[in-house]
Amino acid sequence: MNVLIIGAGGREYSIGMALKKDESVDNLYFAPGNGATDELGENLTISDFDELGDFCESNSIGLTIVGPEAPLVDGIVDRFEARGLTIFGPSAQASQLEGSKIFMKNFLARHSVPTAKYIETDSIEDAYRFINSLEAPIVVKADGLCGGKGVIIATSRDEAKKASAEMLSGSSFGDAGTSIVVEEFLDGYELSVFAICDGEDYVVLPAAQDHKRLLNDDLGPNTGGMGAYAPTPLVDDEIYRKLDERVIVPTLEGMRAEGMPFKGVLFIGVMVVDGEPIILEYNVRFGDPECEELMPLLKSPASELFYKAATGDLKNAKIEFHDKYAVGVVMASRDYPYKSSEPAQIIIDDIVHDDLEANSHISFAGVTRGDDDKLYATGGRVLVCVGMGDSIAEAQQRAYMLVGQVHFAGKQCRTDIAYQAL
Ligand code: AMP
Ligand code: GLY
């Protein structure tokens, strides 16, 4: 089977690596891919959905996998399915679970899925009234997609009011913020849980933890994620059971009942408060960098998981995972997440250590191949060093040994990824 992957990040690179190992995959294509995905397959410069569909028809693409949320929200799945192409991801309608925080919160409320107490509003008076009823910290969220930046955790009522006023006036997030969600702050530990869904059935992947802040000890600004690990020992069978019963099953049933069955990755952002999983948010795609740790844990062929999910056949899949741990450390460019940095050549030392060679790898993200055929760091999050091991400590040690082999001017990374588990 030929497979097309939509996207350009480390997430898509890691999906590509998993498919590359899969004997039933022939040719791999990326649209647009990055400066390193051309080593796994062929990069395409097409982005128009109809032209991509034409490409799939003329190149016998048996499966398309969509990495990022934007093309999903824009309806790539609807367009591909209308012409009979097999594609892994939710419809535009189902993608509202990520595309609109108001849709998501109201959906959770309709189906009694536990989530933080909230209001949705476009009225400043309503926002102020609700803020006055809460104790700080208070969370204010823009309704629409804001590239992960539309959430303000205000440390006082005044700050929450200011954030609401700025969003509602359109000055902070434009149209994405002209409706907002204000909600209570949940104090607990955060998990990233992924369910691969085919509309009816689902497979839950090992639970992961992301590290969203730039600096060690979870300090500094929020980022797209500076590292992750899986499976996390912070999730026991009881939490998995609660997630199944209270979250995933009612969500999939609810989506079906509302005429938009969910097919693709349901990314469940969970806060565990006193042992109870409470939903922070849904995304309709893999997390990045969580995907980079989950893909190498997959023992079953990746194409089986994605193809069976895309074709409504997960009940006939037996998906297995390696009994191992993965830790991924993001190496970012100098000015991330504030601004872009000058391109810097990436130099990777030869790995002479057999143990490291066998149990670690790099997932490339913000990289470009120069005319000189060398790899340059050109994005914010440049690459992810992934270590595998029989324990989290072993996986972490290998990930950081690999970090030591990678050089580019201005590189930065956290040195404490997976600390919660150690
Ligand atoms: P979101 O984009 O909704 O995932 O929010 C980004 C981050 O803000 C989350 O990963 C949490 O760390 C934090 N966050 C969002 N909502 C809440 C909440 N109600 N209580 C505490 N933290 C939150
Ligand atoms: N790592 C979190 C996200 O992809 O949204």
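Tell me the accessible surface of T178 in square angstrom (1.4 angstrom probe, heavy atoms of protein chains only), to the nearest ten.
60
Determine the relative contact order of the chain: mean sequence separation of Cα pairs under 8 Å and six or more apart, normalised by residue count, in whole percent.
Once divided by the residue count of the chain, the mean separation gives 17 percent.
Please list D201, D354 from largest to smallest accessible area, probe radius 1.4 Å, with all protein chains kept in place.
D354, D201
Please compute the net charge surrounding S341, taking Lys and Arg as +1 and Asp and Glu as -1 over other residues with Cβ under 13 Å from its Cβ.
So the surrounding residues net to +2.
Leaving out ligands and nucleic acids, note down the accessible area per residue over the chain with a 1.4 angstrom probe, in whole Å².
41
Kindly write out, for the range 33-41 in residue order, the coupling ³J(HN,Hα) from the Karplus curve 6.51 cos²θ - 1.76 cosθ + 1.60 (θ = phi - 60°), rounded to whole Hz, with x marking Gly and Pro.
x, 9, x, 10, 5, 5, 8, 9, x
Report, in deg cm²/dmol and to the nearest 500, the calculated mean residue ellipticity at 222 nm for the chain, where each DSSP H run with n ≥ 4 adds -39500 (n - 2.57) and the sum is divided by the residue count.
Calculated from helices alone, the mean residue ellipticity at 222 nm is -8000 deg cm²/dmol.
May I ask for the distance between the Cα centers of the range 352-394 and the range 269-342, given as a whole number of Å?
Result: 17 Å between the Cα centres.
Amide H to amide H, which residues 5 or more places from T115 or on other chains are under 5 Å from it, using H placed in the peptide plane?
Sorted by chain and number, the residues that satisfy this are I279.
Leaving ligands, DNA and RNA out of it, work out the accessible area of H111 with a 1.4 Å probe and give it in Å² to the nearest 10.
50
Just to be sure I follow: if Rg is taken over the C-alpha atoms of the range 23-177 and Rh is the Kirkwood radius over the same atoms, what is Rg/Rh?
1.11
Among the lysines, which fall within straight-line cross-link reach of K411, defined as a Cα-Cα distance under 19 Å, with same-chain neighbours fewer than 8 residues apart omitted?
Straight-line reach from K411, under 19 Å: K212, K339, K374.
Could you sort Y202, Y282 by accessible area so the largest value comes first, with the probe set to 1.4 Å?
My answer, sorted largest first, is Y202, Y282.
On the protein heavy atoms, probe 1.4 angstrom, tell me the percent of accessible surface of the range 29-143 carried by carbon and sulfur.
Of all accessible area on the range 29-143, carbon and sulfur atoms account for 46 percent.
Nothing charged except the Cβ atoms of Lys and Arg (+1) and of Asp and Glu (-1): what's the magnitude of the dipole of the range 265-422 about its Cα centre? Round to the nearest 20 debye.
Charge dipole of the range 265-422: 380 debye, to the nearest 20.
Protein chains only, probe 1.4 Å: how do S91, S192 rank by accessible area, largest first?
Most to least solvent-accessible, the answer reads S91, S192.
Given the options S179, S60, S333, which has the most mean-square fluctuation in a GNM of the chain, springs set between C-alpha atoms less than 10 angstrom apart?
It is S60.
Tell me the accessible surface of F286 in square angstrom (1.4 angstrom probe, heavy atoms of protein chains only), to the nearest ten.
Taking all protein chains as shown, F286 has close to 10 Å².
I need the GluC sites (Glu not before Pro) found in the range 23-129, filtered to DSSP loop residues with at most 12 other beta carbons within 10 Å of theirs.
Filter output for the range 23-129: E23.
If you take every DSSP beta bridge whose two residues both sit in the chain, what share of them, in percent to the nearest 5, is antiparallel?
Antiparallel: roughly 80 percent of the beta bridges in the chain.
When N is the residue count of the range 294-422, what does its C-alpha Rg come to as a fraction of 2.2 N^0.38 Å?
1.22
Based on the Kirkwood radius over alpha-carbon pairs, what is the Stokes-Einstein translational diffusion coefficient of the range 231-327 at 20 °C with 1.002 mPa s viscosity, in µm²/s?
143
Can you tally the net charge around V181? Count Lys and Arg as +1, Asp and Glu as -1, for every other residue whose Cβ sits under 14 Å from the Cβ of V181.
-4
With springs only between Cα atoms under 10 Å, which of D78, D50, D288 fluctuates most in a Gaussian network model of the chain?
Per the Cα network of the chain with a 10 Å cutoff, D50 tops the list.
Could you check how much of the accessible area of the range 184-246 is carbon and sulfur, as a whole percent, using a 1.4 Å probe?
Heavy-atom surface of the range 184-246 belonging to carbon and sulfur, 1.4 Å probe: 45 percent.
Mind listing the phi-derived Karplus ³J(HN,Hα) values for the range 3-12, rounded to whole Hz, using 6.51, -1.76 and 1.60 with θ = phi - 60°, and x for any glycine or proline?
With the stated coefficients, the range 3-12 comes to 10, 10, 10, 8, x, 9, x, x, 4, 5 Hz.
Tell me the trypsin sites (Lys or Arg not before Pro) within the range 139-203 that lie in a loop according to DSSP and have at most 16 other beta-carbon atoms within 10 Å.
K149
Rounded to the nearest percent, how much of the accessible area of the range 362-412 (1.4 Å probe, protein heavy atoms only) is carbon and sulfur?
Looking at the range 362-412 in its full context, I get 50 percent from C and S.
Count the net charge of all other residues whose Cβ sits under 15 Å from the Cβ of S172, scoring Lys and Arg as +1 and Asp and Glu as -1.
Net local charge, S172 excluded: 0.
GluC sites (Glu not before Pro), restricted to the range 271-375: which are DSSP loop and have at most 13 other Cβ atoms within 10 Å?
Here the sparse-neighbourhood loop sites are E320.
Could you identify which residue out of P277, P114, P289 has the top mean-square fluctuation in a GNM of the chain using Cα springs shorter than 10 Å?
Comparing P277, P114, P289 in a Gaussian network model of the chain, the most mobile one is P114.
The values are calculated or read from the model by the stated rules, or taken from the named source; none is laboratory data. Keep in mind that this is a model prediction, so the values were computed, not measured. Neighbour counts run over all protein chains shown; Cβ positions are idealised from the backbone, glycine included. Accessible surface is based on the protein model in full, side chains and every heavy atom, while ligands, DNA and RNA are left aside. Shrake-Rupley method; radii C 1.70, N 1.55, O 1.52, S 1.80 Å.
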